[in-house]
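One structure is given here, and the rest of the page talks about it.
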Amino acid sequence: MNLSPAWIDALGEAGYDAVHWRVLGKASAPDGDIADYAREHGYVLVTADLDFGKLLAADRTRLPSVIQLRLGDLRPATLLETFRRTVARTEHELQTGAWVTIGAKRVRVTTLPIDHGEDVQ
């Protein structure tokens, strides 16, 4: 699931350099193209999409890092403070390669590359 472009405004106001994929490429682009772009330009992917975990496991790459939002309410107003705290706590891991899942009850951090036996969803 794609995140709302409202996230770009919220992240920008919070001091993050953020861009929605629709500004950079086709909305129908394969996830691999999005991951390649993020890797090449030093971006962390922020997504609710479950497919990136499978892609990164298959590619066995350390980057791009991913922050996956696994909650029912994906509005920035609801999640931004949790997002900011999570990024602050996992900054080193995100720089070196990590899959960070923000769930309703916990935050989970998996170091990349993903082991084929690991579940990141």
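Bear in mind these aren't lab numbers, they're just calculated from the coordinates by the rules spelled out. Note that this is a predicted model, so its numbers are computed, not measured. Every residue, glycine among them, receives a Cβ derived from its backbone with ideal geometry; neighbour counts consider all protein chains shown.
Based on the Cβ-Cβ distance from H41 to H92, what FRET efficiency comes out when R0 is 30 Å, to the nearest 0.05? Provide the component values of the computation, followed by the final result.
On the way: r = 20 Å, r/R0 = 0.66.
Here the calculated transfer efficiency is 0.90.
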- Per DSSP, loop trypsin sites (Lys or Arg not before Pro) in region 1-59 with at most 10 further Cβ within 10 Å: K26
- Query: So what is the calculated 222 nm ellipticity per residue for the chain, using -39500 (n - 2.57) for each DSSP H run with n of 4 or more, over all residues, to the nearest 500 deg cm²/dmol?
  - Reply: -12000 deg cm²/dmol
- Estimated translational D of the chain in µm²/s (Stokes, Kirkwood radius over Cα pairs; 4 °C; 1.567 mPa s): 90 µm²/s
